[in-house]
Amino acid sequence: MLVIIPIFAGLLACMPVPIGDPESSRIDPDVTGVWIMDGDESSVAAYVFRPYDKRTWLLIGAEISPGEEFVGDELEIQSAQDAIIALETYSIGSEGLTSTSTIVYKAWLAKLGGEQFMTWEPVGGFNGDGSFTPEYWFVFKVHKTSDKQIELLMLNPEHDTFDDIVMPKDYEGDDYARKMRRTWERAIKKAIDDPELYGNPLVLQRLPVPLMDKASELFQEVVEFE
């Protein structure tokens, strides 16, 4: 787990199944683009929702931090607004802002009980047998507060609605995620209006257009585009 996942209190908030089917999903153009995320116990990071196809995004995250040779006043980036001001003020590189870690997800949307959810599937790792299915997913309820801000409320996998579901360690069979997804989705629908099903919101703030070049430079600190 890298620091910019966001931290999500370690892996305590991960789901053992994805929600929705990426093969039947459709991306939302209003989400496509570059965002800054902050929230409880999370590092501030930039995220690019890049359409992979009509159904899913390739989601790339890069933390934002002062470079090793930062020139300027003491800088603490604790919110999306802090990050935006810092990007406006400082150059990208060792003497300004930089990123030292990145992470990649496959992301898609799903509708359950009239609410919109988003699943983030970690990309890049693989298992000892050569397979690629991850052991966990991050799942959020999506709340658009404006065209420039989105709140993501992470599902709490320890909510009572999931108590009767067989967990992966006790499951007798293969492909737990595929075969048990519908069971988890039914449980979510039962508790969909319960605030205890969700954690505190993580906030996505859309990056202002004039800062796009700076954000591109930031990502190139950790991702090769060419």
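Of the residues examined, Ser94 is not one that is surrounded by 14 or more Cβ atoms within 10 Å (Cβ to Cβ), touching a strand residue (DSSP E or B) at 6+ places or on another chain (Cβ under 6 Å), of a type outside the set (Val, Ile, Thr) and in a loop (DSSP other than H, G, I, E, B).
Just to verify a result, which residue in the range 175-193, among those that are under 11 Å from Pro16 (Cα atoms), under 22 Å from the mean Cα position of the chain (by Cα) and hydrophobic (A, V, I, L, M, F, W, C), is surrounded by the most Cβ atoms within 10 Å (Cβ to Cβ)? The qualifying residue surrounded by the most Cβ atoms within 10 Å (Cβ to Cβ) is Trp184. Residues that are among the acidic types (Asp, Glu) and under 28 Å from Asp213 (Cα atoms) within the range 86-142 comprise Glu88, Glu95, Glu121, listed in sequence order. Among the criteria (1) modelled with pLDDT under 95; (2) over 17 Å from Val44 (Cα atoms), the one Pro201 does not fulfil is (2).
Just name the residue that is modelled with the highest pLDDT out of those in the range 67-116 that are within 22 Å of the chain's Cα centre (by Cα) and of a type in the set (Phe, Trp, Tyr). In this case the residue turns out to be Trp108. When the range 124-142 is limited to residues that are touching a helix residue (DSSP H, G or I) at 6+ places or on another chain (Cβ under 9 Å) and of a type outside the set (Asp, Glu), the one that is surrounded by the most Cβ atoms within 10 Å (Cβ to Cβ) turns out to be Val139. Filtered by the rule that a residue be out of contact with any Leu (no Cβ under 9 Å at 6 or more places or on another chain) and over 21 Å from Phe132 (Cα atoms), the range 161-181 gives Phe162, Asp163, Asp164, Ile165, Val166, Asp170. Among the residues making up the range 30-62, those that are of a type outside the set (Asp, Glu), outside any strand (DSSP E or B), under 18 Å from Phe140 (Cα atoms) and modelled with pLDDT of 95 or more are Val31, Thr32, Arg55, Thr56. When restricted to residues that are surrounded by 11 or more Cβ atoms within 10 Å (Cβ to Cβ) and in contact (Cβ under 8 Å) with a residue 24 or more places away in the chain, the range 73-88 contains 9. Of the residues making up the range 191-226, those that are in contact with a Leu (Cβ under 7 Å, 6 or more places away or on another chain) and among the hydroxyl-bearing types (Ser, Thr, Tyr) number 1. Is it true that some residue in the range 153-172 is aromatic (Phe, Trp, Tyr), farther than 26 Å from Phe225 by Cα and free of Cβ contacts under 8 Å to residues at least 12 places away in the same chain? Looking through the range 153-172, at least one residue is aromatic (Phe, Trp, Tyr), farther than 26 Å from Phe225 by Cα and free of Cβ contacts under 8 Å to residues at least 12 places away in the same chain.
Annotation note: Cβ proximity below 7 Å between a residue of the range 180-206 that is closer than 20 Å to Lys144 by Cα and a residue that is assigned to a loop (DSSP other than H, G, I, E, B) and among the hydroxyl-bearing types (Ser, Thr, Tyr) (sequence gap 6+ or interchain) occurs for Leu202/Ser42.
Residue-level check: of (1) surrounded by 14 or more Cβ atoms within 10 Å (Cβ to Cβ); (2) within 22 Å of the chain's Cα centre (by Cα), Glu224 misses just (1).
The values are calculated or read from the model by the stated rules, or taken from the named source; none is laboratory data. Because the structure is predicted, anything quoted here is derived from the model rather than measured. As a convention, Cβ positions derive from the backbone with ideal geometry for all residues, glycine included, and neighbour counts pool all protein chains shown.
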